[in-house]
Ligand SMILES: [Ca+2]
């Protein structure tokens, strides 16, 4: 097992997929890794939640890249998402998301707590903060021209539900998953928390978001009623946008995203609150768009990629989801507007992210303080020769 004591470079382990064994190789140990971006030539950028951004190239992990904004590392917050610009090979531009502390912290603040969100407890985290997205140019091992282009507003205290995943549409718009900060804000039109956000890559707001929402809906909002979305990707076969989000006690969701639609949280869920208080199910409120897949028991989805390669032949075109509770990969067969689970690759470890290498192998992040970067490939006889 890739545990803390043995998370050594080059160590391998086998897992069983439907189509045969999969070999996982530990490429590098990492502390709380969160997101991979694959650069041209299979160079990787990887975020570590405590606030480090590293390059992995030629089999080696770099020292932390300079110029990363100050992050608040606590609970689910820290340095989180990462995506490269569609024109990265020309402009070297990347986008980082992170929990940003407010410049002015409140005096004598207390966390009001809420039994519905579980046992974080009162006074658990009184730092005022919110998700922020910064754009920067990668210049060797430094970031330059770092500029914050979007923020969750207003900032909240509390340590959870930041969201922070990002994806570019084919027409160059940046989509951001914005979590509801454990404050049940997803139906509040005055905040962009609990929403899917769509902006231009320079932070300017497009004129054509959310036509159908309430009149005072913020102009950065594309869809509402989301809880804690930690995966976003466009299906290359259809151009459709998919996200997944963590449910509360039960009810993780895979959602097909349409402009202006309301996905129901916190009015409906296929799970219940952590204090066992019941939540009405999606089918009781047809005005909300229901999930295409809902998981109970939960998988705790993290990271989402549509697999384009053919090294894992029966996964081609399918969506791959990292599973924290599922402890492996959840493979989903997406066909147009429908989706169903195809299989699970049991890896016996919390998987935080999954991305694809240029040859169709997979890069996977093992979650946690004793986490790491793994490469998955189909087991082949003499593959190492
Ligand atoms: Ca929902």
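The values are calculated or read from the model by the stated rules, or taken from the named source; none is laboratory data. Because the structure is predicted, anything quoted here is derived from the model rather than measured. We place every Cβ from the backbone using ideal geometry, glycine too, and count neighbours over all the protein chains shown.
Numbers below:
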item: In region 255-278, the residues that are within 27 Å of residue 36 (Cα to Cα) and within 10 Å of the ligand (Cβ to nearest atom); result: 255
item: Which listed residue, of 275, 262, 314, is in contact (Cβ under 8 Å) with a residue 60 or more places away in the chain, under 16 Å from residue 376 (Cβ atoms) and more than 17 Å from the chain's Cα centre (by Cα); result: 314
item: Residue in region 201-223 that is within 16 Å of the ligand (Cβ to nearest atom), under 29 Å from residue 318 (Cα atoms) and either out of contact with any strand residue (DSSP E or B) (no Cβ under 8 Å at 6 or more places or on another chain) or not in a strand (DSSP E or B) (or both) present; result: no
item: Qualifying residue in region 286-297 (condition: away from the ligand (no atom under 16 Å from the Cβ) and within 22 Å of residue 81 (Cβ to Cβ)); result: no
item: Qualifying positions in region 179-212 - under 22 Å from residue 96 (Cα atoms) and surrounded by fewer than 20 Cβ atoms within 10 Å (Cβ to Cβ); result: 200, 201, 202, 203, 204, 205, 206
item: Count of region 1-30 residues which are at pLDDT 85 or above and either out of contact with any helix residue (DSSP H, G or I) (no Cβ under 7 Å at 6 or more places or on another chain) or part of a strand (DSSP E or B) (or both); result: 19
item: Any hit, region 234-243, residues being under 17 Å from the mean Cα position of the chain (by Cα) and within 10 Å of the ligand (Cβ to nearest atom); result: no
